[in-house]
Amino acid sequence: MLLLVQSCTTIDVTDIPTNEKIARKNLLNHLKSVDFFNIVEHPQSLLELTNIQKVGIDSLRISGNLSIREVTKNIEFFAHPNDSIFRANFTINRFDWNIVYKGSWADRTLVDKDVELIIKIVTDLLSDLDMHGNSGRI
């Protein structure tokens, strides 16, 4: 088993231009609040990798348990190599992890339900994975 821990205090917003400093700061503070990630009570998210399987020539299918705000769900995603780093981009539905704004139903739609996660895996463990077709449990 491999456990990845991510600090929720490092949330980044990519869809507000960087020159809009006040808007970015206000949104970041709101995302860190109890309305969303509640970083005071839940300062970390966890991804416990449970299985890595080679797919095709050089891609990996990765399964794991993602824990955010005391909600744990099994997820599966694909990672692709970029030099010595495997990178995965995928989205989760924030409502599945109780990352919800507590306002009216209309308020809940002000922020997209999808959260994009970008994961970079840099470890010698992946070099130990048999890249000739075998899969392994971590």
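Filter the stretch 17-60 down to residues that are in a loop (DSSP other than H, G, I, E, B) and touching a Phe, Trp or Tyr at 6+ places or on another chain (Cβ under 8 Å) and give me whichever is least open to solvent (accessible area, probe 1.4 Å). Break it down stepwise before answering.
First, the residues of the stretch 17-60 that are in a loop (DSSP other than H, G, I, E, B): 17-20, 33-43, 56-58.
Checking which are touching a Phe, Trp or Tyr at 6+ places or on another chain (Cβ under 8 Å) leaves us with 35-36.
On the way: D35: 36, F36: 3 Å².
Once the filter is applied, the top-ranked residue is F36.
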I'm checking my understanding of the structure. Among residues of the stretch 45-76 that are touching a Lys or Arg at 6+ places or on another chain (Cβ under 8 Å), of a type in the set (A, V, I, L, M) and touching a residue at least 60 places away in the same chain (Cβ under 8 Å), which one is farthest from E116 (Cα to Cα)?
I52
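Restricting attention to the stretch 112-137, and to residues there that are of a type in the set (A, V, I, L, M), open to solvent by 50 Å² or more (accessible area, probe 1.4 Å) and in a loop (DSSP other than H, G, I, E, B), which single residue is modelled with the lowest pLDDT?
M131
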Within the stretch 88-104, is even one residue at pLDDT 85 or above and touching a His at 6+ places or on another chain (Cβ under 8 Å)?
yes
Index of the failed condition, R94 passing every other in (1) free of Cβ contacts under 8 Å to residues at least 40 places away in the same chain; (2) open to solvent by less than 50 Å² (accessible area, probe 1.4 Å); (3) touching a Lys or Arg at 6+ places or on another chain (Cβ under 7 Å)
(1)
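The values are calculated or read from the model by the stated rules, or taken from the named source; none is laboratory data. Predicted model, so just to flag it, every value in this text is computed and none were measured. Note: ideal-geometry Cβ built from the backbone for every residue, glycine included; neighbour counts use all protein chains shown. To get the accessible areas, we keep the full protein, side chains included, count just its heavy atoms, and leave off ligands, DNA and RNA. Shrake-Rupley method; radii C 1.70, N 1.55, O 1.52, S 1.80 Å.
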